[in-house]
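To keep things clear, I will list the structure first and then write my remarks on it.
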Amino acid sequence: PGMLSAVIALIIFSVGIPVPALITKFLTSVGSVTSPLAMITLGSTIAAVNFKEAAKNKMLYFFSICKIVVWPAIIYGILQFFITDSVILGVCTILISLPVAGNVNMLCISYDGNKKLAAEGTCISTVLSLVSIPVYMMLFL
């Protein structure tokens with residue numbers, strides 16, 4: 001449904017089909033509710049995580065360090081050849097270094113994946129980002 005909605009919206013926007021105000025207002029209201037609902041779902045998933053158990057999983061640390069440190073370093077190295085503004089380069093690097101998104105949990109819930117592992121990964125990467133984000137902000141901004 002999400003992809004189909006996006007394609008339909010793209011067609012409506014590209015062709016310039018006028019949308020009645022009632023429909024626009026309704027869709028705006030539905031759209032403004034999605035983020036809070038996603039955060040509630042993410043919070044309930046993470047709340048069920050046993051942090052002591054998650055902290056013992058070395059694989060989560062490996063992937064979190066890759067996501068928060070290694071990947072941003074690689075991207076920074078590549079982007080510095082294309083972006084000359086240091087603030088924009090810093091913002092791009094910081095955005096790439098953000099913790100694992102709640103989308104991973106949402107996809108696991110939707111497709112019956114390993115919700116526990118996804119929640120643990122989100123939890124570990126979020127805790128590690130409490131250190132990494134301030135460091136990146138001092139370095140880049």
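The values are calculated or read from the model by the stated rules, or taken from the named source; none is laboratory data. What you see is a predicted model; the values in this text were computed from it and never measured. Methodologically, a virtual Cβ is constructed for each residue, glycine included, from the backbone with ideal geometry; neighbour enumeration extends over all protein chains shown. Each accessible area value is taken on the protein alone, full model and side chains, heavy atoms only, with ligands, DNA and RNA left out. Shrake-Rupley method; radii C 1.70, N 1.55, O 1.52, S 1.80 Å.
Scan the stretch 45-62 and tell me whether some residue there is in a helix (DSSP H, G or I), out of contact with any Lys or Arg (no Cβ under 8 Å at 6 or more places or on another chain) and under 30 Å from Ala6 (Cα atoms). Checking the stretch 45-62: at least one residue is in a helix (DSSP H, G or I), out of contact with any Lys or Arg (no Cβ under 8 Å at 6 or more places or on another chain) and under 30 Å from Ala6 (Cα atoms).
The number of residues in the stretch 24-46 that are open to solvent by 80 Å² or more (accessible area, probe 1.4 Å) and not polar (S, T, N, Q) comes to 6. Restricting attention to the stretch 47-75, the residues that are open to solvent by less than 70 Å² (accessible area, probe 1.4 Å) and free of Cβ contacts under 8 Å to residues at least 24 places away in the same chain add up to 4. Residues in the stretch 76-85 that are of a type in the set (Ser, Thr, Tyr) and open to solvent by 80 Å² or more (accessible area, probe 1.4 Å): Thr84 only. Exactly one residue among Ser132, Ser32, Ser97 is among the small types (Gly, Ala, Ser), at pLDDT 90 or above and farther than 28 Å from Gly2 by Cα, and that residue is Ser132. Scanning the stretch 105-115 for residues that are open to solvent by less than 40 Å² (accessible area, probe 1.4 Å) and in a helix (DSSP H, G or I) returns Asn105, Cys108.
Looking at the stretch 90-104 only, could you name the residues that are assigned to a helix (DSSP H, G or I) and either over 10 Å from the mean Cα position of the chain (by Cα) or surrounded by fewer than 16 Cβ atoms within 10 Å (Cβ to Cβ) (or both)? Correct list: Gly90, Val91, Cys92, Thr93, Ile94, Leu95, Asn103. Of the residues making up the stretch 8-23, those that are assigned to a helix (DSSP H, G or I) and either open to solvent by less than 70 Å² (accessible area, probe 1.4 Å) or in contact with a strand residue (DSSP E or B) (Cβ under 9 Å, 6 or more places away or on another chain) (or both) are Ala9, Ile12.
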